[in-house]
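Notes follow once the structure below has been shown.
The values are calculated or read from the model by the stated rules, or taken from the named source; none is laboratory data. Keep in mind the model is a prediction, meaning the values are calculated, not measured. Virtual Cβ from ideal backbone geometry, glycine too; neighbours counted across all protein chains shown. Side chains included, ligands, DNA and RNA excluded: accessible areas come from the protein's heavy atoms. Shrake-Rupley method; radii C 1.70, N 1.55, O 1.52, S 1.80 Å.
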Amino acid sequence: QFDLVFTCLPESAISRIYPPELVGPTKFVRMYTGYVTPTLRKLGYIDKDRTIDVGYRGSIQPLSFGRLAYEKRKIGDDVSGLLAGKDFSIDISSKWEDRLGVELWYDFLGSCKATLGVESGASIFDLDGKLNKRCREIELELGKFRLDANYAETYLDKLSDYEDNVSYKQISPRHFEAAATGTLQLMFPGDYSGIFQADRHYIPLERDYSNLSNVMAIVSDETKRKAITECAYEEIICNSDFWIETF
């Protein structure tokens, strides 16, 4: 008996998740996961001295959320390993204890030349109530959850028939936050809700990291880096279409 539901689901998926015969004449309004606030517009980190080449805070999500959620951790683990021992300053972690509160988070982003990013959301939806049983079976076979990549890849392979059964990829508030602090975003290619465009508002990082050297060359080039971050700031942060007041 809800009259109104705000959702991040695409129009085509709403009736699958909220069947009209179950929810009745509810009105659904699509929204983003976050918006540009007055606070973000006043941060003033654009010209800050940046001592960290690549900084990132990922998160460890349940594997039952699918590969999309796993990428939040994977991109950090992979890039951290690939840049280890090279002449770059990195501060990358997905541990919960390393996450940062509001002001510390903005200060951290403002200290980074670049940050990593992936689309937000989940790539698996439980549409028939059977996912939990499948996950229990996988854990009986593989053992309790472990952080190693081999465990995650094997687990996700066993859920492959569930992958992308509902399109739920979207921007995250952190994409707005990075743009507001003038931090270059190195992100896996994606749609990002049609807001962030590759090579204009962010640098695409291939999932096999084959272009990582070229990407890091841009990170080290202040002129090229600022061209992207200033474009993202002007076209996204200063665009009232994405402001909380508009929502």
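Overview of values
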| read-out | value |
| --- | --- |
| Unmet criterion (only one of (1) at pLDDT below 95; (2) among the polar types (S, T, N, Q); (3) surrounded by fewer than 17 Cβ atoms within 10 Å (Cβ to Cβ)) for SER89 | (1) |
| Close pairs (7 angstrom Cβ cut-off, 6 or more residues apart or separate chains): without any contact (Cβ under 8 Å) to a residue 24 or more places away in the chain and closer than 21 Å to SER59 by Cβ in segment 137-153, open to solvent by less than 100 Å² (accessible area, probe 1.4 Å) and hydrophobic (A, V, I, L, M, F, W, C) anywhere | TYR151/LEU142 |
| Answer residue from segment 204-224, given it is outside any loop (DSSP other than H, G, I, E, B) and without any contact (Cβ under 8 Å) to a residue 24 or more places away in the chain and is nearest to ASP191 (Cα to Cα) among those | PRO204 |
| Subset of segment 107-127 (residues that are surrounded by 19 or more Cβ atoms within 10 Å (Cβ to Cβ) and hydroxyl-bearing (Ser, Thr, Tyr)) | THR115, SER120, SER123 |
| Filter result for TYR45 (of a type outside the set (Asp, Glu), under 22 Å from GLU206 (Cβ atoms) and not in a helix (DSSP H, G or I)) | no |
| Test: residue in segment 225-235 that is modelled with pLDDT of 95 or more, open to solvent by less than 60 Å² (accessible area, probe 1.4 Å), under 23 Å from ILE75 (Cα atoms) and outside any helix (DSSP H, G or I) | no |
| Every residue from segment 135-173 that is of a type in the set (A, V, I, L, M) and open to solvent by less than 80 Å² (accessible area, probe 1.4 Å) | ILE138, LEU142, ALA149, ALA152, LEU156, LEU159, VAL166, ILE171 |
| Residues that are in contact with a Leu (Cβ under 8 Å, 6 or more places away or on another chain) and not aromatic (Phe, Trp, Tyr), drawn from segment 84-106 | ILE90, ILE92 |
| Selection count where residues are farther than 30 Å from ASP91 by Cβ, without any contact (Cβ under 8 Å) to a residue 60 or more places away in the chain, in contact with a strand residue (DSSP E or B) (Cβ under 9 Å, 6 or more places away or on another chain) and open to solvent by less than 30 Å² (accessible area, probe 1.4 Å), scope segment 7-66 | 3 |
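Listed here are the residues, each with its yes/no results for (1) in a helix (DSSP H, G or I); (2) of a type in the set (A, V, I, L, M, F, W, C).
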| residue | (1), (2) |
| --- | --- |
| SER15 | yes, no |
| VAL54 | no, yes |
| GLU71 | yes, no |
| GLY76 | yes, no |
| GLY81 | yes, no |
| ASP91 | no, no |
| GLU97 | yes, no |
| GLU103 | yes, no |
